[in-house]
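Asker: Could you have a look at this structure, given as C-alpha cells, before my questions?
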Amino acid sequence: MSSQLSDALALAERPGRTLLGLAGPPGSGKSTLARALVDGVNREPGTAAYVPMDGFHLAKAQLARLGRADRKGAPDTFDVDGYVALLRRLRAETDRDVYVPDFDRGIEEPVAAGLVVPAGTRLVVTEGNYLASGAPGWRDIRPLLDELWYLEVPDDVRQARLVARRVAVGEDPAAARAWATGSDRANGELVKTTRDRCDRIITPTP
C-alpha cells in the first residue's frame, strides 16, 4: 500500500485535476484501496475524492423491468453512459462541486448525490469492474483516465470476500455462495480479459 500511496500523492501534485482508475474483478479490493488512497492523499481536505462506478448500477426496479435482476453486476446492468458523462464533467468542471452517486451495499441500491467531488479537488480515484473494457460505451472510459491500475487477487480469496460481504448484510450463506460462484464469477472472468489494457498490475495483500 505504501508504494501505491506514494504514487497517488505524486498524481495529486500534477497540474490540474488527475483521474486515477482502479479496475479488477468483484472482491479484488477496489473500493478498499480507493478509499485508503483518498484518505492518505487527503492530508489537506479536498485534495482527493472517491467516485465508485457502482453508483451507476441500475436500480432494482429497472433490473426487474429489463429481466436482468439475476445477473446484477454484468456490464448491461449499469448506466455506462451516465458514468462516462460524469467522468467528463469531473475533467471539465474543476471550479465547482460535483455531486456523484454512491452505492449502498446494505440495500443493494444506488444513492443519488451520496458523494461530492469538491471544487479544486486534485485527484479523483474512481473504481469499478469494467473501467478497462473495450466494449461499446465502456471503451469511452479509458481515454478519460490519466492512469488505470488493475487489482489482481486469487479467486479463492475473492470468493470468500464476496460471500462474507453478502452474509454481512443478512443474506443466507448458501444463497451468498450461489451468487458468488454464479453471477459474480462470470462477471469476474469477463473483467480478467481486460487486464492487459491497464497501466499497472497490483496484488494487494489478502
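The values are calculated or read from the model by the stated rules, or taken from the named source; none is laboratory data. Note that the coordinates shown come from a computational prediction; the quantities given were computed from them, not determined experimentally. Every residue, glycine among them, receives a Cβ derived from its backbone with ideal geometry; neighbour counts consider all protein chains shown.
Asker: If the requirement is being in contact (Cβ under 8 Å) with a residue 60 or more places away in the chain, closer than 30 Å to THR205 by Cα and of a type in the set (S, T, N, Q), which of these qualifies: SER2, SER31?
Answerer: Being in contact (Cβ under 8 Å) with a residue 60 or more places away in the chain, closer than 30 Å to THR205 by Cα and of a type in the set (S, T, N, Q) holds for just one of SER2, SER31, which is SER31.
Asker: Another question about this same structure. Scan segment 180-206 for residues that are closer than 18 Å to LEU22 by Cβ, part of a loop (DSSP other than H, G, I, E, B) and not charged (D, E, K, R) and jot them down.
Answerer: Of everything in segment 180-206, those that are closer than 18 Å to LEU22 by Cβ, part of a loop (DSSP other than H, G, I, E, B) and not charged (D, E, K, R) turn out to be THR193, THR194, CYS198, THR203, PRO204, THR205, PRO206.
Asker: If I go through segment 169-206 residue by residue, how many of them are within 21 Å of LEU144 (Cα to Cα), surrounded by 12 or more Cβ atoms within 10 Å (Cβ to Cβ) and of a type in the set (Val, Ile, Thr)?
Answerer: The number of residues fulfilling the criteria is 4.
Asker: State whether the residues of segment 59-79 include one that is aliphatic (A, V, I, L, M) and in contact with a Gly (Cβ under 7 Å, 6 or more places away or on another chain).
Answerer: No, segment 59-79 contains no residue that is aliphatic (A, V, I, L, M) and in contact with a Gly (Cβ under 7 Å, 6 or more places away or on another chain).
Asker: Please work out which one of (1) free of Cβ contacts under 8 Å to residues at least 24 places away in the same chain; (2) part of a loop (DSSP other than H, G, I, E, B) is the condition GLY73 fails and give its number.
Answerer: (1)
Asker: Within segment 60-70, can you find the residues that are without any contact (Cβ under 8 Å) to a residue 60 or more places away in the chain, in a helix (DSSP H, G or I) and within 15 Å of ASP184 (Cα to Cα)?
Answerer: Residue satisfying the conditions is ALA69 alone.
Asker: Let me ask something additional. Of ASP140, ASP155, which residue is modelled with pLDDT of 95 or more, in contact with a helix residue (DSSP H, G or I) (Cβ under 9 Å, 6 or more places away or on another chain), more than 23 Å from ARG35 (Cα to Cα) and not hydrophobic (A, V, I, L, M, F, W, C)?
Answerer: The conditions single out ASP140.
Asker: From the residues in segment 85-103 that are crowded, with 18+ Cβ neighbours inside 10 Å and touching a residue at least 60 places away in the same chain (Cβ under 8 Å), which one is nearest to GLY46 (Cα to Cα)?
Answerer: So, considering only residues that are crowded, with 18+ Cβ neighbours inside 10 Å and touching a residue at least 60 places away in the same chain (Cβ under 8 Å), the one nearest to GLY46 (Cα to Cα) is LEU90.
Asker: So ARG177 clears everything in (1) in a helix (DSSP H, G or I); (2) in contact with a strand residue (DSSP E or B) (Cβ under 8 Å, 6 or more places away or on another chain) except one condition, right? Which one?
Answerer: Failing condition for ARG177: (2).
Asker: Filter segment 158-179 down to the residues that are touching a helix residue (DSSP H, G or I) at 6+ places or on another chain (Cβ under 7 Å) and without any contact (Cβ under 8 Å) to a residue 60 or more places away in the chain and list them by number.
Answerer: If the condition is that a residue be touching a helix residue (DSSP H, G or I) at 6+ places or on another chain (Cβ under 7 Å) and without any contact (Cβ under 8 Å) to a residue 60 or more places away in the chain, then VAL163, ARG166, VAL167, PRO173, ALA176, ARG177, TRP179 are the ones that fit.
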